[in-house]
Amino acid sequence: MASLRYRRMQYLQKRYSHLRHGTFYKMTDREAWEIQKLIFQLEFPFMALKSLQFALFRTYGIPSISSLLAKTMQLSDTGTAFKRYADTSLLIGEFIAFDPSSERAHAAIARTNYLHTGYRSTGRILEDDMLYTLSLFALEPIRFIETYEWRNLTELERCAIGTYWKSLGDALGISYALLPSGAKQAGFKDGLHWLEEIKAWSNQYELEKMRPHRANKDVADRTTDILVYILPGPLKPLGIYFVSFMMDERLRGAMMYDPPPRFLRKIFSIALLARKYFVRYLAPPRPYFLRYDVFTEKPDENGRNFFKYWDIVPYYVKPTIWNRYGPSAWIRRVMGLPLPGDDGDRGKAIVLRLIEAGYSVCINDVASSTADMDHLVSEINAKHTSPDAPARPRAIGIVADVTSSVEVETMIKETVSQLGPLTLMVANAGVAQIKPLLNVSEEDVDKVFNVNVKGLFNCYQLAAKQMILQGDPQSAAGVDVYKIVGAASIVACKAWATLGIYSASKWAVRGLTQAMAMEMAPHKITVNAYAPGIIGTAMWEQIDEAMGELTGKPKGVTFKQTENLISLGRTGVPDDVAGLVGGYLASKDSDYVTGQTLVVDGGVIFT
């Protein structure tokens with residue numbers, strides 16, 4: 001078995017026999033990418049992935065980096081950390097996984113440059129920190145592989161890593177003037193030479209800049225939460241100790257983490273050593289068909305690509321039958337972890353964000369969705385019910401038709417009975433209809449307006465009556481204002497053809513919200529609406545399919561065309577809406593906002 005293990009290394013040496021010490025300068029960017037891809041996909045996929053995760057983690061030991069992330073709340077707030085982690089993995093993965101000359105690699109690099117431009121031009125991201133971050137993505141894979149894997153890298157492989165990341169740094173506009181050869185006209189001899197100089201510079205930079213800071217710990221804590229997310233609760237402390245074990249003394253001190261106990265250090269060391277020798281002597285080489293491909297190579301019928309693997313929250317993962325019901329999916333179900341497709345509905349995403357913010361929630365749905373509603377309620381209560389008050393759930397589920405004022409009133413009374421004073425109503429019900437206006441019937445108008453306007457009105461009015469009945473919000477519930485939030489749409493600001501009746505209903509929501517806000521202000525009740533744009537939910541799948549039937553275009557074409565209208569260049573996800581509703585409109589930060597319809601569309605319309 002051990003002899004088979006080295007065949008791939010020998011293959012690389014033979015295939016790139018024209019590249020050896022003294023001729024490494026001839027290595028092209030594409031050759032470097034090919035060699036690195038084979039290392040990451042087939043030779044050392046596990047440690048390669050972990051090293052890239054740890055490279056990002058290590059940057060948080062520099063206060064100038066962690067302080068910026070803490071200010072933007074991207075990694076210092078649990079509500080955004082998972083999404084930010086997925087977005088970063090997506091961008092880095094795209095330009096590692098695809099040929100440097102490919103459209104996908106170019107798009108990922110362009111997106112990265114776009115996201116950094118404003119911060120770099122204003123000095124909020126330091127150029128030294130850009131160089132330091134780049135150095136870690138080149139150096140950490142080498143360190144991890146040579147420390148924990150079954151063999152060391154060859155000169156060819158190390159040169160490929162250096163050549164690739166040096167080239168990527170050029171594409172990202174990172175200056176090498178701080179390196180000894182960076183300011184010289186001759187430049188670097190090859191990738192090994194660049195690695196040697198950036199390693200020395202990176203080490204010196206850490207000696208000078210890596211210092212204990214509260215922001216380091218805040219961001220590290222949130223990232224550690226991500227790294228141990230899939231572990232059962234009793235094992236999470238052990239996982240945190242393992243993260244600390246993987247740090248050196250310098251980084252551990254900067255992160256303000258305690259070292260693990262000596263006996264755990266021995267256990268972790270033995271486990272990693274056992275893995276190394278097991279893989280070297282007993283495990284067969286990974287066959288090509290089991291290569292670690294991070295992304296789907298071709299887009300689906302809607303023009304979208306997906307992650308093929310995930311280990312945290314399944315952002316950008318297609319909810320296939322295998323991903324939702326395969327062996328690993330059932331393990332995740334048992335552990336109460338999310339699966340692809342679980343958050344395809346913005347209503348669920350809002351619920352989870354409210355739970356995270358500390359609310360107890362009544363989930364309302366129609367009778368046909370009772371099973372999904374009950375499952376979500378059980379999942380929330382299993383995770384979040386306080387042991388100090390086990391009889392009081394964090395979530396309940398009630399079937400009610402919002403077009404019936406009697407059912408809405410009953411739902412509100414039951415909610416107050418089980419969960420306490422009503423402080424927030426989110427009226428999220430809505431139906432879409434895609435028809436040219438000349439084909440719309442009276443029944444069509446009634447159906448859309450009954451749910452989108454009458455249903456929302458019932459929720460607004462009856463929630464407000466309950467809130468007024470409760471009395472002063474501070475005395476009744478310990479909040480400064482009560483809040484009512486309704487579901488509008490970007491078509492409430494600019495109508496869309498073939499969505500005429502739907503547009504009219506959402507314009508009505510906008511007007512109703514403004515009028516209700518004026519009338520409720522004396523009662524310390526704020527009333528606002530949110531207006532989502534093109535969000536990847538079942539409703540937009542319905543719109544895409546219906547538009548295709550009207551225009552004769554294949555499924556996915558309309559969705560792709562509307563996606564091109566988005567300034568930020570991507571379709572929204574339910575968490576984008578949940579961040580606005582559960583993260584802002586439901587928070588104290590919005591106490592002075594009322595009568596507004598807030599748009600969350602990535603830049604489709606501008607009001």
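The values are calculated or read from the model by the stated rules, or taken from the named source; none is laboratory data. Please read these numbers as outputs of a predicted model, since none were measured by experiment. Note that each Cβ is placed from the backbone with ideal geometry, even for glycine, and that neighbours are counted across all protein chains shown.
Structure notes:
- Looking only at residues in segment 1-33 that are over 18 Å from L153 (Cβ atoms) and of a type in the set (D, E, K, R), the one that is surrounded by the most Cβ atoms within 10 Å (Cβ to Cβ) is D29.
- Selection count where residues are out of contact with any Lys or Arg (no Cβ under 9 Å at 6 or more places or on another chain) and farther than 17 Å from D99 by Cα, scope segment 28-43: 0
- Taken together, the criteria exclude L4 from residues that are in a helix (DSSP H, G or I), at pLDDT below 95 and within 20 Å of the chain's Cα centre (by Cα).
- Residues that are buried (at least 16 other Cβ atoms within 10 Å of the Cβ) and not hydroxyl-bearing (S, T, Y) within segment 205-224 comprise E206, K209, M210, H213, A215, N216, K217, D218, V219, A220, D221, R222, listed in sequence order.
- Of the residues in segment 76-99, at least one is surrounded by fewer than 19 Cβ atoms within 10 Å (Cβ to Cβ), in a loop (DSSP other than H, G, I, E, B) and touching a Phe, Trp or Tyr at 6+ places or on another chain (Cβ under 7 Å).
- Options A495, A515, A508; residue that is outside any helix (DSSP H, G or I) and out of contact with any strand residue (DSSP E or B) (no Cβ under 7 Å at 6 or more places or on another chain): A495
- Where D221 falls short, out of the listed (1) under 26 Å from I62 (Cβ atoms); (2) touching a residue at least 12 places away in the same chain (Cβ under 8 Å): (2)
- Across segment 411-453, the qualifying residues are those that are hydrophobic (A, V, I, L, M, F, W, C) and assigned to a strand (DSSP E or B), and the one among them that is farthest from S587 (Cα to Cα) is A427.
- Looking across segment 183-208, the residues that are closer than 28 Å to R84 by Cα and either in a loop (DSSP other than H, G, I, E, B) or touching a helix residue (DSSP H, G or I) at 6+ places or on another chain (Cβ under 7 Å) (or both) come down to I198, K199, S202, Y205, E206.
- For segment 60-71, the criterion of being of a type in the set (S, T, Y) and modelled with pLDDT under 85 is met by none of the residues.
- Residue within segment 37-60 that is among the aliphatic types (A, V, I, L, M), buried (at least 20 other Cβ atoms within 10 Å of the Cβ), farther than 27 Å from L273 by Cβ and in contact with a helix residue (DSSP H, G or I) (Cβ under 9 Å, 6 or more places away or on another chain) present: no
Okay, residues lined up against (1) under 31 Å from the mean Cα position of the chain (by Cα); (2) modelled with pLDDT under 90; (3) outside the structural domain of V485 (by TED's automatic domain parsing); (4) more than 18 Å from G347 (Cβ to Cβ):
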site: I396; (1), (2), (3), (4): yes, no, no, no
site: A400; (1), (2), (3), (4): no, yes, no, no
site: S404; (1), (2), (3), (4): no, no, no, yes
site: V408; (1), (2), (3), (4): no, no, no, no
site: V416; (1), (2), (3), (4): no, no, no, yes
site: E443; (1), (2), (3), (4): no, yes, no, yes
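- Among residues of segment 513-545 being surrounded by fewer than 20 Cβ atoms within 10 Å (Cβ to Cβ) and at pLDDT below 65, the one that is farthest from K454 (Cα to Cα) is E545.
- Filtered residues of segment 100-113 (kept if surrounded by fewer than 17 Cβ atoms within 10 Å (Cβ to Cβ) and either assigned to a helix (DSSP H, G or I) or at positive phi (or both)): E103, R104, H106, A107, A110, N113
- Checking each residue in segment 400-438 for being more than 18 Å from G486 (Cβ to Cβ), of a type in the set (V, I, T) and buried (at least 16 other Cβ atoms within 10 Å of the Cβ) picks out only I434.
- Filtered residue count, segment 169-194, keeping only those that are closer than 16 Å to T117 by Cα and of a type outside the set (D, E, K, R): 6
- Looking only at segment 114-155, residues that are over 27 Å from the mean Cα position of the chain (by Cα) and outside any helix (DSSP H, G or I) come to 6 in all.
- Residue list for segment 274-292, restricted to those being without any contact (Cβ under 8 Å) to a residue 24 or more places away in the chain and under 33 Å from the mean Cα position of the chain (by Cα): P287, F289, L290
- Scanning segment 161-172 turns up at least one residue that is closer than 25 Å to S67 by Cβ, assigned to a helix (DSSP H, G or I) and either of a type in the set (S, T, N, Q) or at pLDDT 95 or above (or both).
- Across segment 487-504, the number of residues qualifying as free of Cβ contacts under 8 Å to residues at least 60 places away in the same chain and either within 26 Å of T423 (Cα to Cα) or of a type in the set (V, I, T) (or both) comes to 2.
- Going through (1) crowded, with 19+ Cβ neighbours inside 10 Å; (2) touching a helix residue (DSSP H, G or I) at 6+ places or on another chain (Cβ under 7 Å); (3) of a type in the set (A, V, I, L, M) one by one, V279 falls short only on (2).
- Residue pairs whose Cβ atoms lie under 6 Å apart, sitting 6 or more positions apart in sequence or on different chains, and linking a residue in segment 510-524 that is under 19 Å from N428 (Cα atoms) to a partner that is buried (at least 20 other Cβ atoms within 10 Å of the Cβ) and at pLDDT below 95, are R510/A492.
- Looking only at segment 18-70, residues that are closer than 25 Å to W150 by Cβ and assigned to a helix (DSSP H, G or I) come to 28 in all.
- Among residues of segment 442-460 that are among the small types (G, A, S), those with a beta-carbon under 9 Å from a residue that is part of a helix (DSSP H, G or I) and buried (at least 20 other Cβ atoms within 10 Å of the Cβ) at least six positions away or on a different chain give the pairs G455/V408.
- Residue-level analysis places K209 among those that are of a type in the set (D, E, K, R) and in contact (Cβ under 8 Å) with a residue 24 or more places away in the chain.
- Tally, over segment 461-474, of residues that are touching a strand residue (DSSP E or B) at 6+ places or on another chain (Cβ under 7 Å) and without any contact (Cβ under 8 Å) to a residue 60 or more places away in the chain: 3
- When the criteria are applied in full, S368 fails the requirement of being loosely packed, with under 15 Cβ neighbours inside 10 Å and at pLDDT 85 or above.
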